[in-house]
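One structure is given here, and the rest of the page talks about it.
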Amino acid sequence: MNYFLEVKSKPNLPFKYSLTNQINGSYLAVGKFIADAEGTSLIYEDAENSEVAYESLITLDVLTTVGGGILISERFKKLIEAHCKTDVQLFETAFIYKEQKNTSYFALNVFNKVDCYDLDQSVYSKHPVDGSYKFSKTVLKTGPLEEYSYQYHIVRSAENNKIVVSGQLKKILEDNKINSIGFKKG
């Protein structure tokens, strides 16, 4: 079984992607593979929209950003590297929050797009010009997240770009008590 990955951390969007970065932040937000970026460190700035204390913020395993995807903790990164390293790109980051600098989070780029939805059971309309989908009900395929006989554990749905994880990765993340995320059946 597969699940939608939902970020549940509060505050919502405490960081903004710095304009000083050489990589387009929207690539991270939509899951575009970033070539020739190995060793690149990304900068995030305080969005100045949160009252959460720095000490509380850094207890979270997943943080959302404005214009630069999601950030994950070292704990989460180690699980990704152990179980699905080739499914994603990871970038070192530095952020300033409440005038304190942190370099212990990583930008997560989920770039593989796979057909994840059972279109026979989902309810949707398809745009006549660009072919994009608009769903009123989504039903995920129950089989592996697979493309060309390769099985992934974390992907973006080709239909609408949502992050989908395998049941195996869901169990690993739950067993390791990764916080600030949830899983939704589709």
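The values are calculated or read from the model by the stated rules, or taken from the named source; none is laboratory data. All figures in this text were calculated on a predicted structure; none of them were measured in a lab. Because the Cβ atoms are built from the backbone with ideal geometry, glycine has one as well, and the counts that use them run over all protein chains shown. The accessibility values were calculated without ligands, DNA or RNA, using every heavy atom of the protein model including side chains. Shrake-Rupley method; radii C 1.70, N 1.55, O 1.52, S 1.80 Å.
Solvent exposure of region 1-144 amounts to 55 Å² per residue of accessible area, where only protein heavy atoms count and the probe is 1.4 Å.
Counting only heavy atoms of the protein chains and using a 1.4 Å probe, F33 has close to 110 Å² of accessible surface. Largest GNM mean-square fluctuation across I154, I163, I172, computed for the chain with C-alpha springs under 10 Å, falls on I172.
Extension gain, M1-A94: 0.36 nm per intervening residue step, less the Cα-Cα distance, totals 29.9 nm. To put it simply, the accessible area of the chain at a 1.4 Å probe is 49 percent carbon and sulfur. Using 1/(1 + (r/R0)^6) with R0 = 30 angstrom and r between the beta carbons of S41 and H83, what's the FRET efficiency to the nearest 0.05? Once the sixth-power term is evaluated, E becomes 0.80. Accessible area per residue was computed with a 1.4 Å probe on protein heavy atoms; Y152 scores about 30 Å². Pairs of lysine residues in region 14-99 that meet both criteria, 8 or more places apart or on different chains and Cα atoms under 20 Å apart, total 5.
Take the Cα of E174, step 7 Å toward its Cβ, do the same at K134, and the gap between the two points is 3.4 nm. Taking the C-alpha atoms only, the angle from helix 74-84 to the longest principal axis of the chain is near 30 degrees. Kindly identify the chain as rounded, prolate or oblate by the Cα gyration tensor criterion: order the square roots of the eigenvalues as a ≥ b ≥ c, call it rounded if a/c is under 1.5, otherwise compare a/b with b/c, prolate if a/b is larger, else oblate. Prolate.
Along the Cα-to-Cβ line of H127, 7 Å from the Cα, sits a label point; which residues in region 19-49 have backbone N less than 20 Å from it? Label zone hits: 26-33. Within the same chain, lysines fewer than 8 places from K137 are excluded, and of the rest, those with a Cα less than 17 Å from its Cα are K126, K162, K184, K185.
Note on S166: accessible area approximately 10 square angstrom, rounded to 10, probe 1.4 Å, nucleic acids and ligands left out.
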